[in-house]
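Following: one structure in structure tokens, then a few remarks.
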Amino acid sequence: MKHKLLHIIQKPLFLVLLPLFFFLHALLENYNPVLIKTAAWLTLFYSSITIALAGSLYFLFKDWRKAAFLAFMLMAFNLFFGSGYDLLKKNFADSFITKFSFICIVSFILLVTLVIYLKRSRRTLLRTTRYLNLLFLLLVLFDAGSLLARHFKLKKDHVADLSPGLLPCDSCARPDIYFIITDEYAGRTELEDLFSFDNSAFENELRSRGYHIISNSVSNYNATVYSLASLLNMDYIHNLEKPSKVNHRDMLLCKGLINNNTLTSFLLKKGYSIYNNSFFDLAGRKKVFRNLFFSTNRSLLTHQTFVNRFLFHFGARFASDQKIIDIKKNNLYSDIKIDSLARKAVVEKDPDPKFVYTHLKMPHHPYFFDSAGNEIPVQQLSDAFSMDRKAYTQYLQYSNKKLLGFIDFIKQNAGRPAIIILMSDHGFRQLAPDVDKKYHFMNLNAVYFPDSSYAGFYNGMSNVNQFRVTLNTLFGQKLPLLKDSTSFLSE
């Protein structure tokens, strides 16, 4: 048995253990069960590449251990490049040592030196092989144990389970519910204080259509995914990994809370059909468009690799002009598609009542149009343009016309009485650090009930109570209202 184990450990197992450790560690840093499948696939993919690379290098060395060692070094450079690069940036800022050109030249010289050394050396690399096998086996076991510990830690509740307190109310009417999110739409006070902009004309248009506008409304979080997770679950989010900072692990958690949320679970039990016109998965309905601000599961686990860092820094040089335009206009394409799908949902004949979630990126930057509907040149759609307050208010006025048009379409074409909720997930956030944080939360909140039953909505209400009041009003629930508060999340 001992001889057999010794024989196994002399094989270059590190070719597989290296990718396994890397993706286990990446999974540990961003742990969420939804990443496990992606991590497993990436481990298999990168292990296959490393083994194939070793096979190709065998023809250079005629020695499996040397070929495996060089393949290991090349893959390690790719996988751990980001960590090393970030360390250089932290200690040397923008000096020549951190330049990609310098790093690539030095790395190439070291590679050539290593190849020459291995070619000339008579060493068998047996001890090196054993050492790397044992090292990465221990690292894999340690991270596997840490993952199990984190898995059990994540079983803590992140939102309250409201289902035991929800009443059946079988005799309640079941109107269609249209839930419209207009992303980063600033509240009236923020527009007046920071933009010197009067949005009362839009509010009056809403009132003329029977809307009730909630004065001084605020979001509970200043980041979309956190805000929506809280809003749809009618609770604050507990047990966050970093409750004061936006991070990928908590964002994944919030996406899961959006997908499996309290509101749609209640409505499904009431016989509602769920329509998802957004860039989040909702109640098992897949997102209809990808938001480029959110990392994919794969990019979240591979962002430290040399290939990904190289494409991040230089990818635009290899992209066509049309591809760059398409990336800059991603939000516009998203809104066009989502608006079309939302209108289709309105006119669709459905025997069951509908809950239609429509998430429009407007007036969030990039600001594609001015108030008259003239398209902004694509060259202006830069990060710096996001701070242009005049451009924001121009695009907001354009958005007002689009939102009123969509509301009118619903009221004219809905097959049954319809509730229409128009909200923003948070206020305008492209603000200097010295601006009071309170403005990040000032949002739009307007509700339309055909019977004008607005008594439950109150001045200064925050998003967390939006659907508590709605369910109490529509379905005779007795959900207590939570204390309104805000949590500022730094980027």
message: Let me test this: with uniform point scatterers at the alpha carbons of region 163-475, what is the Debye-based log₁₀ I(q)/I(0) at q = 0.09 1/Å?
response: -0.46
statement: Yeah, region 2-153 with a ≥ b ≥ c from its alpha-carbon gyration tensor (a/c under 1.5 is rounded, else prolate when a/b outruns b/c, oblate otherwise) is oblate
- line: Rounded to the nearest 500, the 222 nm mean residue ellipticity computed for the chain from DSSP H runs (n ≥ 4, each -39500 (n - 2.57)) alone is -17000 deg cm²/dmol
Any cysteine of the chain lacking a neighbouring Cys Cβ under 4.7 Å - listed by number: Cys104, Cys254
message: Quick check on region 24-87: take the gyration tensor over C-alpha atoms, sort the square-rooted eigenvalues as a ≥ b ≥ c, and tell me if it's rounded (a/c under 1.5), prolate or oblate.
response: oblate
Residue-by-residue Karplus 3J(HN,Hα) for region 50-61, coefficients 6.51, -1.76, 1.60, Hz, glycine and proline x: 5, 5, 5, 5, 4, x, 5, 6, 4, 5, 7, 9
- line: Sequence order, region 220-230: Karplus ³J(HN,Hα) from phi using 6.51 cos²θ - 1.76 cosθ + 1.60, θ = phi - 60°, Hz rounded, Gly and Pro as x, gives 8, 9, 9, 9, 3, 5, 5, 4, 5, 4, 5
- prompt: Can you list the equivalent-ellipsoid semi-axes of region 94-250, largest first and in whole Å, using the square root of 5 times each Cα gyration tensor eigenvalue?
  reply: 57, 29, 13
task: Provide the packing ranking of 442-450, 127-135, i.e. peptides ordered by the mean count of other C-beta atoms within 10 Å per residue, highest first.
output: 442-450, 127-135
For Val112, Val246, order by how many other beta-carbon atoms lie within 10 Å, fewest first: Val112, Val246
- prompt: Which distance in nm do the two modelled labels at His303 and Gln430 give, with both placed 7 Å along the Cα-to-Cβ direction?
  reply: 2.1
message: Below 8 Å between Cα atoms, with a sequence gap of 6+, how large is the relative contact order for region 163-475 in percent?
response: 38
field: Share antiparallel - DSSP beta bridges, the chain, percent rounded to 5
entry: 35
- prompt: Whose amide H sits under 5 Å from the amide H of Val159, counting only residues 5 or more places off or on another chain, with H placed in the peptide plane?
  reply: His238
- line: A chain fully extended from Lys401 to Lys156 at 0.36 nm per residue, minus the present Cα-Cα distance, gains in nm 83.8 nm
- request: Summarise the long-distance tail of P(r) for region 214-364 by giving the % of C-alpha pairs beyond 26 Å.
  value: 38
message: At a 10 Å Cβ-Cβ cut-off, how would you order Glu348, Glu375, fewest neighbours first?
response: Glu375, Glu348
query: So how do Leu138, Leu35 line up by other beta-carbon neighbours within 10 Å, fewest first?
result: Leu138, Leu35
task: List every residue whose amide H lies under 5 Å from the amide H of Ser215, counting only residues 5 or more places away in sequence or on a different chain, with H placed 1.01 Å from N in the peptide plane.
output: Gly460
- prompt: Among the listed pairs Lys255/Lys354; Lys245/Lys438; Lys328/Lys438; Lys361/Lys411; Lys156/Lys255, which are separated by more than 26 Å between their Cα atoms?
  reply: Lys328/Lys438
message: Just to check I understand the Karplus step: with θ = phi - 60° and J = 6.51 cos²θ - 1.76 cosθ + 1.60, what whole-Hz values come out for region 99-105, glycine and proline as x?
response: 6, 4, 4, 5, 4, 5, 5
message: How much length would be gained if the chain were fully extended between Arg130 and Ile9, taking 0.36 nm per residue of separation minus their Cα-Cα distance, in nm to one decimal?
response: 43.0 nm
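All of the numbers you see were taken from the coordinates with simple rules; none came from a lab. Quick caveat: nothing in here was measured; it's all calculated off a predicted structure. Don't worry about glycine lacking a Cβ; one is built from the backbone with ideal geometry, like all the others, and counts go over all protein chains shown.
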